[in-house]
Amino acid sequence: MRSPTPRTCEAKRIRQRHEHATAEDSRDYYAAVLAHVHELNAAFSEPLPANEARDIAASIHRWVTTRFYGWTDARTVQQASLSTLQAFRGRQSGAKRRNAVEERARLIVGEDA
């Protein structure tokens, strides 16, 4: 098993502060990622230019805050067991699929949506 990366550990620590992610959480996470990227960059014999390191940090921040379930899920969902989490996501997905099927059925029958 891989050890957790600073990116995911920091995201989890910051996200545990509130039930849903806030703008403050996002800013704090970006600052933490930026500091970590600069720290790693400084360890190289030929570090990247500062603007490139900043862009890497921004890319990590953008990906985590839009796609990483540990960031986008509510805190209670994060604390649930894996099977509970899968059941929760399945219900969400099922509801979306049911709505789509019902909408298609209405269009076929000719009812207004």
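For the range 21-52, a tally of residues being surrounded by 11 or more Cβ atoms within 10 Å (Cβ to Cβ) and not in a helix (DSSP H, G or I) returns 4.
Would you call R62 of a type in the set (D, E, K, R), modelled with pLDDT of 85 or more, surrounded by 10 or more Cβ atoms within 10 Å (Cβ to Cβ) and not assigned by TED's automatic domain parsing to the domain that holds H20? Spelling it out, it is not the case that R62 is of a type in the set (D, E, K, R), modelled with pLDDT of 85 or more, surrounded by 10 or more Cβ atoms within 10 Å (Cβ to Cβ) and not assigned by TED's automatic domain parsing to the domain that holds H20. For D55, the test of being surrounded by 14 or more Cβ atoms within 10 Å (Cβ to Cβ), modelled with pLDDT of 90 or more and either under 17 Å from the mean Cα position of the chain (by Cα) or in a helix (DSSP H, G or I) (or both) is failed. Screening P4 on (1) modelled with pLDDT under 90; (2) surrounded by 14 or more Cβ atoms within 10 Å (Cβ to Cβ); (3) more than 14 Å from T66 (Cα to Cα) shows it passes everything except condition (2).
The values are calculated or read from the model by the stated rules, or taken from the named source; none is laboratory data. A quick note: this is a predicted structure, and the numbers were derived from the prediction, not measured. FYI the Cβ positions are ideal-geometry reconstructions off the backbone, even for glycines, and counts take in every protein chain you see.
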